[in-house]
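The values are calculated or read from the model by the stated rules, or taken from the named source; none is laboratory data. These numbers were taken from a predicted model, which means no experiment stands behind them. Because the Cβ atoms are built from the backbone with ideal geometry, glycine has one as well, and the counts that use them run over all protein chains shown. Accessible surface is based on the protein model in full, side chains and every heavy atom, while ligands, DNA and RNA are left aside. Shrake-Rupley method; radii C 1.70, N 1.55, O 1.52, S 1.80 Å.
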Amino acid sequence: MCVSIIDSLLQLHNSEFLSQMIANGGVPIVTFIVFAETGLLAGFFLPGDSLLITAGVLTSSSAIGGRPLLDLNYLLVATAFAALVGDQCGYYLGRNGGRFVEQKAKPRIKSFLKDAREFFAEYGASAIIYAHFIPIMRTFVPFAAGLSNMPYKRFLKLNILGALGWVVSMVLIGHYLGKSSFADQLHKILLVVIFVSLLPVVFTALKKYFKNKKRTST
C-alpha cells in the first residue's frame, strides 16, 4: 500500500505522466492542480513548476493536425486565476482558523507550517512573492501570512505580483522550450527545475540544523 502511494506521488512529477494527464484533462486539470497546491494544505505534494512548464511545452508542441494541444492565452489566464484564488484560500484559512488547524494538523503538516512561519518571519512581506517559486512554501506561506494577521490589502498586492510572476514565467519557459530543440529533453529539464527550486528548502534546512547544533553545543 505504502509503496504504491509513493510510486504514485513520484509519478506526478514524471514528464511523460504529466504530458499524458494534461493531454487528457486539458487546461481544467492544470487549473485544478494549481489551485489545490496553492490553496489546500493537503496539496503540498502536487507538482507546481513541473506541471506549468510541461503545460507550457504543450502550448507549442504540435498535436494531430499540427496544432498545439493547449491554447497559451487560455492557460495563462486560467492558471494565474487559480493561483490567486488558491492563495486567497490559504490566507483566509490562516487568518480565520489558523490556530485550530495547527492544533489538529498531523506532525508533518505542523512541521511545514512552522517552516513557513519562520520563512515569513525572516523575509517579511517579500516572502509572499518568493514563496511562489519554492515548493511547499507556496502552499503554506499564504496560510502563515493570514495567521500573522498581515493586512489583506498588502497581502493581495504582493500575492498578485508573486502569482503572476510564477505562473507566467513557468508557462513561458515551457512554451519557448517547446519551440526549441530541447523539447525532447523535457524530463531532464524538469529534473533541473525541481533541483533548483528545492535549493532554498535545502539551504533553509541546513541553516536551521547548524543553528540548532550551535545552540545545543553552547
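Things worth noting here:
- In the condition set (1) modelled with pLDDT under 85; (2) buried (at least 16 other Cβ atoms within 10 Å of the Cβ); (3) closer than 21 Å to residue 40 by Cβ, residue 201 is compliant with all but (2).
- Top-ranked residue of region 149-184 - restricted to ones that are free of Cβ contacts under 8 Å to residues at least 60 places away in the same chain and outside any helix (DSSP H, G or I), ranked as most open to solvent (accessible area, probe 1.4 Å): 149
- Scanning region 137-147 turns up no residue that is open to solvent by 60 Å² or more (accessible area, probe 1.4 Å), touching a residue at least 24 places away in the same chain (Cβ under 8 Å) and either out of contact with any Pro (no Cβ under 7 Å at 6 or more places or on another chain) or under 24 Å from residue 54 (Cβ atoms) (or both).
- Subset tally (residues that are open to solvent by 40 Å² or more (accessible area, probe 1.4 Å) and not in a loop (DSSP other than H, G, I, E, B)) for region 29-42: 4
- Single condition residue 56 does not satisfy, out of (1) open to solvent by 10 Å² or more (accessible area, probe 1.4 Å); (2) touching a helix residue (DSSP H, G or I) at 6+ places or on another chain (Cβ under 9 Å): (1)
- Criterion violated by residue 67 - all others in (1) at pLDDT 85 or above; (2) under 23 Å from residue 175 (Cβ atoms) satisfied: (1)
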